[in-house]
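Chemist: What follows is a structure written as structure tokens; I'll ask about it next.
Throughout, read-outs are computed from the coordinates displayed, never taken from laboratory work. From a predicted model like this one, the values you see are computed outputs, not experimental measurements. Glycine also receives a Cβ, built like all others from the backbone with ideal geometry; neighbour counts cover every protein chain displayed.
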Amino acid sequence: MDKVTVKSVREMKAKGQKITMLTAYDYAFANILDGAGVDILLVGDSLGMVTLGYDDTLPVTVEDMMHHTKAVVRGTKRAMVVTDMPFMSYQVSDEKAMENVGNIMKFTGTHALKLEGGERIVGLVKRMTDAGIPVMGHLGLTPQSILQFGGYGLQASSIEEAQRLLSDAIALEEAGAFALVLEKIPSELAELVTASLEIPTIGIGAGPACDGQVLVVNDMLGMFEKFVPKFVKQYANLRAIIDQAAKDYINDVRGDVFPAGEQTFHMDKETLGNFMEEIDRGLGRK
């Protein structure tokens, strides 16, 4: 299959072909998801919660994102890799943002960067795209603003908020963003935004009318136990499978069942005999 690029992602919208995106944070998962045919792998700052154990995404650093992106890139052949710009890596100033952007692009091999926000980041998005850096936008529930929102509730549910989100979406497209994530907004609004843009929309809790869908892979596989968002469909319960496997291992070791013969290595009889003779001579035995 051909490599997924900015151009091919936009062509998928034009053809009416749905775009698939999942998060990935390490080589192993990237390798599996890429092989399965997922179009875009997002190295999301959600790694702060599902991989690093933080309560939210705010403590994640540029260094964290670079470390995990390098691993995902190494595990990927076909999929496009997109990396989240973490909290305060682009909000302080455009100059500092461009420095962080440059380091992530140069030293990780990622293919694009994702930023949260609308009108307030349009200037930066244009500066990035003018420099040849593909940018994915993110509107609706933006986790880096969780303290401002006061929770993970539905966004843009009023007329004023919906109008602002549509305006932000159009502004991001005009600034050069190649795609836009819409998170936890009414499906009717997502459908309107999708129809209003030439660039593809990728929904998470935004209904079926978006040009594609994204989920946190740990949610989709049932590996994150703290909460399951309403918009998540669990395609497996790996937590239960891993838990049972660990318990079976413990029981086998304690019951002297593992390792068994098929997991054990042996010397051939001649080598073993010679070895024992050497040991006996060394100990002064006759």
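Chemist: I need to check one value: relative contact order of the chain, counting alpha carbon pairs closer than 8 Å and at least 6 residues apart, in percent.
Modeler: So the answer I get is 14 percent.
Chemist: From the phi angles alone, apply the Karplus equation (6.51, -1.76, 1.60; θ = phi - 60°) to segment 224-230 and give each ³J(HN,Hα) in whole Hz, x where the residue is Gly or Pro.
Modeler: Computed from phi, the couplings for segment 224-230 are 9, 8, 5, 6, 10, x, 4 Hz.
Chemist: Follow-up question, since we're still on this one. Give, as a single signed number, the net charge of other residues whose beta carbon lies under 15 Å from the beta carbon of GLY132, with Lys and Arg counted +1 and Asp and Glu -1.
Modeler: Result for the neighbourhood of GLY132: +3.
Chemist: Cα centroids of segment 33-104 and segment 136-202: how far apart, whole angstrom?
Modeler: 20
Chemist: What ranking do 152-160, 54-62, 212-220 get when scored by the average of other Cβ atoms within 10 Å per residue, highest first?
Modeler: Packing proxy ranking, top to bottom: 212-220, 54-62, 152-160.
Chemist: Another question about this same structure. Would you please give the FRET efficiency between GLN244 and ASP280, computed as 1/(1 + (r/R0)^6) with r the Cβ-Cβ distance and R0 = 45 Å, to the nearest 0.05?
Modeler: So the FRET efficiency works out to roughly 0.45.
Chemist: To check you understand DSSP bridge types, tell me what percent of the beta bridges within the chain (both residues inside) are antiparallel, rounded to 5.
Modeler: Of all bridge pairs located within the chain, approximately 5 percent are antiparallel.
Chemist: Starting at the first residue of segment 91-107, write each ³J(HN,Hα) from the Karplus equation 6.51 cos²θ - 1.76 cosθ + 1.60 with θ = phi - 60°, in whole Hz, x for Gly and Pro.
Modeler: 8, 5, 6, 5, 5, 5, 4, 5, 5, 5, 4, x, 5, 5, 5, 6, 9
Chemist: I've got another one for you. Considering amide H positions built from the backbone, and no H for Pro or chain starts, which residues 5 or more places from VAL181, or on another chain, come under 5 Å of its amide H?
Modeler: GLY137, HIS138, LEU139, ILE202
Chemist: Suppose R0 equals 25 Å. What FRET efficiency, 1/(1 + (r/R0)^6) with r the Cβ-Cβ distance, do MET98 and SER145 give to the nearest 0.05?
Modeler: FRET efficiency, MET98 to SER145: 0.70.
Chemist: Additional query: If I model a spin label at THR264 and LEU154 as a point 7 Å from the Cα along the Cα→Cβ vector, what separation in nanometres do I get?
Modeler: 6.3
Chemist: Using only the alpha-carbon atoms, how far is helix 27-36 inclined from the longest principal axis of the chain? Give it as 0 to 90 degrees, nearest 10.
Modeler: Taking the Cα atoms of the chain, the angle to 27-36 is about 70 degrees.
Chemist: Something else: What are the radius of gyration and Dmax of segment 1-62, computed over its Cα atoms and given in Å?
Modeler: 14.1, 40
Chemist: Over the Cα atoms of segment 241-282, how large are the radius of gyration and the largest Cα-Cα distance (Dmax), in Å?
Modeler: Here Rg and the maximum Cα pair distance are 17.2, 52 Å.
Chemist: Can you give the angle from 0 to 90° between the axis of helix 6-15 and the longest principal axis of the chain, with both taken from C-alpha atoms, to the nearest 10?
Modeler: In the chain, helix 6-15 runs at an angle near 70 degrees to the longest axis.
Chemist: Give the dimensionless ratio obtained when the Cα radius of gyration of segment 70-123 is divided by 2.2 N^0.38 Å.
Modeler: With N residues counted in segment 70-123, Rg over 2.2 N^0.38 Å equals 1.21.
Chemist: Sticking with this structure for a sec: Assuming 0.692 mPa s and 37 °C, estimate D for segment 52-198 with Stokes-Einstein, Rh taken as the Kirkwood radius over Cα pairs, in µm²/s.
Modeler: 206
Chemist: For GLU11 and SER187 in one chain, what is 0.36 nm times their gap in residues minus the Cα-Cα distance, to one decimal in nm?
Modeler: 61.1 nm
Chemist: Among the listed pairs LYS7/LYS233; LYS7/LYS184; LYS77/LYS233; LYS18/LYS230, give every one whose C-alpha distance is greater than 25 Å.
Modeler: From LYS7/LYS233; LYS7/LYS184; LYS77/LYS233; LYS18/LYS230, over 25 Å: LYS7/LYS233; LYS7/LYS184; LYS77/LYS233.
Chemist: Using only alpha carbon positions, build the gyration tensor of the chain, then give the equivalent ellipsoid semi-axes as the square roots of 5 times its eigenvalues, largest first, whole angstrom.
Modeler: 47, 22, 18
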